[in-house]
Amino acid sequence: MRLERVQEALKQKNITYQYTEEDGCGSLDFMFRGLSFHVWEYQDEVWGAETNVFSAGRSREVEGDYEKVISDEILSWPDMTA
């Protein structure tokens, strides 16, 4: 299981997501306020993730402590009702 910190952030926000794993990299797809979001992990020379959590229409790559950066962004979103 990968992207555990991001999955925990989604659970805290009560956001339903789909998790898949391929070639040792995790992938999360989910909806928030009618918009589709993704977090796609990769490993080239370094580990990172491509995501659009910062802007729904635009993907960007995050490297380094990418799980913390992405989780912090998700946790800053308004809470969803149960």
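The values are calculated or read from the model by the stated rules, or taken from the named source; none is laboratory data. Since the model is a prediction, treat every value here as computed from it, not as a measurement. FYI the Cβ positions are ideal-geometry reconstructions off the backbone, even for glycines, and counts take in every protein chain you see. When the accessible area is computed, the model is the full protein with side chains, heavy atoms only, and any ligands, DNA or RNA have been set aside. Shrake-Rupley method; radii C 1.70, N 1.55, O 1.52, S 1.80 Å.
Observations on the model:
- Of all residues in segment 60-71, those that are farther than 15 Å from residue 25 by Cα have Cβ atoms under 7 Å from Cβ atoms of residues that are β-branched (Val, Ile, Thr) and not in a helix (DSSP H, G or I), 6 or more apart or on another chain, in 60/51; 69/62; 70/39; 70/51; 70/53; 70/62.
- Qualifying residues in segment 8-33 (those that are on the phi > 0 side of the Ramachandran plot and open to solvent by 100 Å² or more (accessible area, probe 1.4 Å)) - the one modelled with the lowest pLDDT: 33
- Qualifying residues in segment 34-44 (those that are closer than 15 Å to residue 24 by Cβ and over 10 Å from the mean Cα position of the chain (by Cα)) - the one surrounded by the most Cβ atoms within 10 Å (Cβ to Cβ): 42
- Residues of segment 48-65 classified as small (Gly, Ala, Ser), under 19 Å from residue 77 (Cβ atoms) and in a loop (DSSP other than H, G, I, E, B), total: 4
- Scanning segment 47-82 for residues that are of a type in the set (Val, Ile, Thr), more than 10 Å from the chain's Cα centre (by Cα) and closer than 19 Å to residue 21 by Cβ yields a single hit, 62.
- Options 71, 55; residue that is hydroxyl-bearing (Ser, Thr, Tyr) and touching a helix residue (DSSP H, G or I) at 6+ places or on another chain (Cβ under 9 Å): 71
- Condition check for residue 73: open to solvent by 60 Å² or more (accessible area, probe 1.4 Å) and either of a type in the set (A, V, I, L, M, F, W, C) or at pLDDT 95 or above (or both): no
- Given (1) assigned to a loop (DSSP other than H, G, I, E, B); (2) open to solvent by less than 80 Å² (accessible area, probe 1.4 Å); (3) touching a residue at least 60 places away in the same chain (Cβ under 8 Å), index of the condition residue 79 fails: (2)
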